[in-house]
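The structure appears below as structure tokens.
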Amino acid sequence: MIYYRHGSRDENKIALTFDDGPNPPITLEILDILDDYDVKANFFVLGKWVKNHPAVLRDMYKRGHLIGNHGYGHDINNQGFEANQEIIFNTIGEQPLFCRPPYCYLEALKVASHCELVTSLKLKLITFDVDPDDNHMPGSDVIFKKVIGACQNGSIIDLHDSSEKPEEQASRPLEMLEALPLIIKSLKEKFEIVRLDQMSLVPIEFKEDSL
Ligand SMILES: [Zn+2]
């Protein structure tokens, strides 16, 4: 099984990824920040939230961002890639080409039926190599420093514009949101911020002990 956790280390391209949305109004605030800095990003959305906010997904798509599949309900055992693929297609008229398993738990995909499904949907599996742990709310300054300290050529940065838990949706992304303009401003000085389909992704063979 092949997956991708970063792009080429020889190109100064990096990718911002946001998981667990769409989540208005926070996702819309992120879209405005991205527009302000003329940056395209990547959103790994959950089917259960797309169902509630199809207009936000269309907005993300129309503004030129890449839409990826993060499963339907953020459930490791019942990932729902197929159901999410369908709801995304019905909303924006395009099939996602990238997916990120819930919790990035690739081990669950070793179940043959899951692996075959990802293959049959022609989805590229994406994890990340920069994790500022924004979902645990360590403080906006810590999030900023972790991203800037860890980012290198080809990095894929994992951020969250939402949560799989409804009670966390309004609060969990706030520190990241505060840090985001500064993160983008600093990264743009050294890197080109791109969509995953504009990077030379480096394939990695997934083995049981490789995470
Ligand atoms: Zn997630």
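FYI, it's all coordinate maths here, none of it is from the lab. These figures come from a predicted structure and were not determined experimentally. All Cβ positions, glycine included, derive from the backbone under ideal geometry; neighbour counts span all protein chains shown.
A few notes on this one:
- Around Asp197: net Lys/Arg minus Asp/Glu count, Cβ-Cβ under 11 Å: +3
- For the residue pairs Lys124/Lys165; Lys124/Lys185; Lys122/Lys190, alpha carbon separations beyond 31 Å are given by Lys122/Lys190.
- Length available on full extension from Lys110 to Ile204: 0.36 nm per residue minus the Cα-Cα distance, which gives 32.4 nm.
- With the simple spin-label model, which puts each label point 7 Å out from Cα in the Cβ direction, the Asp38 to Lys185 separation comes to 1.8 nm.
- Least to most buried among Cys99, Cys104 (fewest other Cβ within 10 Å first): Cys104, Cys99
- Longest stretch of the chain clear of exposed loop sites (chymotrypsin sites (Phe, Trp or Tyr not before Pro), DSSP loop, at most 15 other Cβ atoms within 10 Å, sites excluded): 106-211.
- Within the chain, the selection of entire DSSP H helices by a Cα span of 18 Å or greater along the long axis and an average Kyte-Doolittle value of at least 0.0 returns 174-190.
- Qualifying GluC sites (Glu not before Pro) in the stretch 1-94, where qualification requires a DSSP coil assignment and no more than 15 other C-beta atoms within 10 Å, comprise Glu11, Glu94.
- Orientation-averaged projected area, Cα convex hull of the chain (nm²): 10.5 nm²
- Nonlocal amide H pairs with Asp161, under 5 Å, H built at 1.01 Å: Asp19, Gly21
- Cut-off 14 Å between beta-carbons: net charge of the residues surrounding Glu116, Lys and Arg +1, Asp and Glu -1: +1
- For the stretch 2-205, size of Cβ-based charge dipole, Lys and Arg +1, Asp and Glu -1, in debye: 400 debye
- Fewest-first ordering of Glu205, Glu116 by other beta carbons within 10 Å of each residue's beta carbon gives Glu205, Glu116.
- Label-point separation, Lys165 to Glu29 (7 Å along Cα→Cβ), nm: 2.0 nm
- Cα extents of the stretch 58-100 along the three principal axes, largest first (Å): 33, 17, 15
- Share antiparallel - DSSP beta bridges, the stretch 2-205, percent rounded to 5: 20 percent
- Exposure proxy order (Cβ contacts within 10 Å, fewest to most) of His70, His160, His6: His6, His160, His70
- For the stretch 167-211, the set of trypsin sites (Lys or Arg not before Pro) satisfying both a DSSP loop assignment and a count of at most 13 other C-beta atoms within 10 Å is given as Lys207.
- Within the stretch 47-128, the trypsin sites (Lys or Arg not before Pro) that combine a DSSP coil assignment with at most 11 other C-beta atoms in a 10 angstrom radius are Lys122.
- The H on the amide N of Lys124, modeled in the peptide plane, is under 5 Å from the matching H of Phe98, Cys99, each at least 5 residues off or on a different chain.
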